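Peer 1: Before anything else, here's the structure in question.
The values are calculated or read from the model by the stated rules, or taken from the named source; none is laboratory data. On a predicted model such as this, the values are computed, not experimentally measured, just so you know. Reconstructed Cβ throughout: ideal geometry from the backbone, glycine too, with neighbour counts over all protein chains shown. Areas reflect the complete protein model, heavy atoms only, side chains present, ligands, DNA and RNA absent. Shrake-Rupley method; radii C 1.70, N 1.55, O 1.52, S 1.80 Å.
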Amino acid sequence: MFDIGWMELMVIGVVALIVVGPKDLPEMFRQLGRFTAKVRTMGREFSRAMEQAAKESGVDEVRRDLKAVANPVSNGMQSLKSAADKFEKWDPVKNAARPSAPTVPQTPPPVQPQATVPVADTPAPGPATQALIDKQAARKSIMDEMNAKLKALDASDAPEIAQPAKAPGRRRKAKGDEA
C-alpha cells in the first residue's frame, strides 16, 4: 500500500526512539496498535454497510449479472456445455431414419418442354454443387454395378475358389529326408 521497505522502517524506528525516548516508546506503540485496530474495524464496518446497501438495492445482482456476461470463460463454458448436452441427446439411429435437412437429388429431374413461359422453382445448382451431384451419381452407379455382380455370383453356383498353386522353388528338406 505505502511501499515501505525494511530500511525505511528502521529509519522511522530510530527517529522514534530518539524523539520519544526508550521509556515511552512501548506505550506509543501500544497506542499506535489500538489506533490501527480501530481504523481497520471502522473500515470493515463501512464495507459491510456498503455491501448490505448494495444487496438491498439490487446493485449486487446487476453487478453479478454484468460480471457473468462479460466473462469470456463462462460464456465459452456455457456454449461447450450446451454442445455436450446436444451431443448426449443425439440419437444417430433416430436421425438416420429421418434426415434433418432436405437432401439434394443425386440426379437432376428431367426437364419437360413447355409451351408457356418456363417458371423456375429453384435456381440451377452452381458448379461446386453440380460437381458434388455428379460425384454422388458416379458412386451410386459403381455401387449398383458391384451389387449386380454380387447378385450374379450368388445366383450362380460357382465352384469354390481353388487354392493358389505353390510357387516352384527350393523345398526345405526334412530332418529324416536324405536325398
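Peer 1: Could you provide, to the nearest whole Å², the per residue accessible area of segment 1-83 with probe 1.4 Å? Provide the component values of the computation, followed by the final result.
Peer 2: Working: 7640 Å² over 83 residues.
I get 92 Å² per residue for segment 1-83.
Peer 1: Right, next: Go through Trp90, Trp6 and list them by solvent-accessible area, largest first, probe radius 1.4 Å. Display every interim value, and only then the final one.
Peer 2: Numbers: Trp90 135, Trp6 215 Å².
Greatest to least solvent exposure: Trp6, Trp90.
Peer 1: OK, next. Label 7 Å along Cα→Cβ of Val62; segment 27-54 residues with amide nitrogen under 15 Å?
Peer 2: 53-54
Peer 1: Taking R0 as 41 Å, what FRET efficiency do you get between Ala124 and Ala70 from their Cβ-Cβ distance, rounded to the nearest 0.05? Can you show the working numbers first?
Peer 2: On the way: r = 48 Å, r/R0 = 1.16.
In this case the efficiency is close to 0.30.
Peer 1: Express the carbon and sulfur contribution to the solvent-accessible surface of segment 1-58 as a percent, rounded to the nearest whole number, probe 1.4 angstrom. Could the numbers behind the result be given before it?
Peer 2: Details: 3680 of 5470 Å².
C and S fraction of accessible area: 67 percent.
Peer 1: Efficiency by 1/(1 + (r/R0)^6): what FRET value for Val11 and Thr36, r their Cβ-Cβ distance, R0 = 22 Å, to the nearest 0.05? Before the final figure, lay out the partial values.
Peer 2: Working: r = 20 Å, r/R0 = 0.89.
My answer for the efficiency is 0.65.
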